[in-house]
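Contents: one structure, followed by commentary.
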Amino acid sequence: MELWLRFLAVLTLAWADDFGWTHAKLEANITLQADSSWHLGGFCFGQADSAETSKVAEIWIHVKWEGSVPLNDTGPVYIVAFDTRSTRWGAVKDSWDEATCQEKLKVATMTRKLGQYSRSRRYWFRVHVHQALAMRDWHFALLTCGKVEQAPLLLELEAADGALSMFQANSNFHTSSCPSMPGDWWQVAQEAFGFWLVIACTLGAGGAMGACIGPLRKRCTLLGRTNAGIVQGQPHEAQKETVKGSSPPTGQESV
């Protein structure tokens, strides 16, 4: 009985990971400063495997601003993302501390001005990530461009779907977090909790094996991740928001 209960506990953890109940998440608690930048960490996203869509991931970004004026009235303040192509992250990684706000905005894959669509001090929005050419890390950052109110800004970047791995703030400037052998999913599955989900599905659901393998294959490389990366304080050195009249912000690679 004890062995069976342990198996059920393992199965519960596997099910939670493989079906997205626990999302990879980056957190930041920052007091804004004028003309500054904070590297927040990032995620590895895969390559689209469908001819119908190039969307590979969805990020939920939660914003809590504790200033006395709306975010749109200070800065401006941006959340940006860079994929690791030489013309994107490669163009700023070696000069991150010296590059200006405009230089970073110019090469960013995705930009979003905070407070642009909401004057609320607490809201969230989605970012759709499109990537058709290759698996890559995406680096996320906060930029202040000009004078800002020096007040706390709390951010959460939650990978609701599609993240293969995650890396911490101020890390992986010159290395990749992406799985080195993403195609060898069966070997990874055998070494992870999710493998037992396949066994359970086989024993308990018979023909449902295929339905279990699909989500497992997509998520098995996330099982060893750390769930939260936290940024606090200084710039790097060495209520839901409904966007009316526009699509959700999109990170889009271009050929």
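The values are calculated or read from the model by the stated rules, or taken from the named source; none is laboratory data. Being a predicted model, the structure only gives us computed values, none of them experimental. Backbone-built Cβ (ideal geometry, glycine too); neighbour counts: all protein chains shown.
Which condition from (1) outside any strand (DSSP E or B); (2) at negative phi; (3) modelled with pLDDT of 95 or more; (4) of a type in the set (Asp, Glu) is the one that Glu52 breaks?
Going through (1) outside any strand (DSSP E or B); (2) at negative phi; (3) modelled with pLDDT of 95 or more; (4) of a type in the set (Asp, Glu) one by one, Glu52 breaks only (3).
Tell me, which strands (runs of 3 or more DSSP E) lie completely within region 89-167 with 1 or more residues that are on the phi > 0 side of the Ramachandran plot and over 19 Å from the mean Cα position of the chain (by Cα)?
Because the criterion is at least 1 residues that are on the phi > 0 side of the Ramachandran plot and over 19 Å from the mean Cα position of the chain (by Cα), no strands (runs of 3 or more DSSP E) in region 89-167 meet it.
Taking region 115-140, which residues are of a type in the set (A, V, I, L, M) and crowded, with 23+ Cβ neighbours inside 10 Å?
The one that is of a type in the set (A, V, I, L, M) and crowded, with 23+ Cβ neighbours inside 10 Å: Val129.
When region 68-106 is examined, which residues are found to be under 18 Å from Ser171 (Cα atoms) and surrounded by fewer than 15 Cβ atoms within 10 Å (Cβ to Cβ)?
Correct list: Ser86, Gly90, Asp94, Ser95, Asp97, Glu98.
How many residues are aliphatic (A, V, I, L, M) and farther than 30 Å from Ser120 by Cβ when one looks only at region 73-101?
3
Here are the criteria: (1) modelled with pLDDT under 95; (2) not in a strand (DSSP E or B). Tell me which single one Asn170 does not satisfy.
In the conditions (1) modelled with pLDDT under 95; (2) not in a strand (DSSP E or B), Asn170 misses (1) alone.
Filter region 2-46 down to the residues that are on the phi > 0 side of the Ramachandran plot and at pLDDT below 95 and list them by number.
Within region 2-46, Gly20 is the sole residue that qualifies.
Just one of Ala99, Ala57 is at pLDDT 95 or above and of a type in the set (Gly, Ala, Ser); which is it?
Criteria check complete, one pass: Ala99.
For residues that are in a loop (DSSP other than H, G, I, E, B) and under 22 Å from Cys178 (Cα atoms), tally how many sit in region 55-88.
Residues meeting the conditions: 5.
Can we say Ala189 is out of contact with any His (no Cβ under 8 Å at 6 or more places or on another chain), surrounded by 20 or more Cβ atoms within 10 Å (Cβ to Cβ) and modelled with pLDDT under 90?
yes
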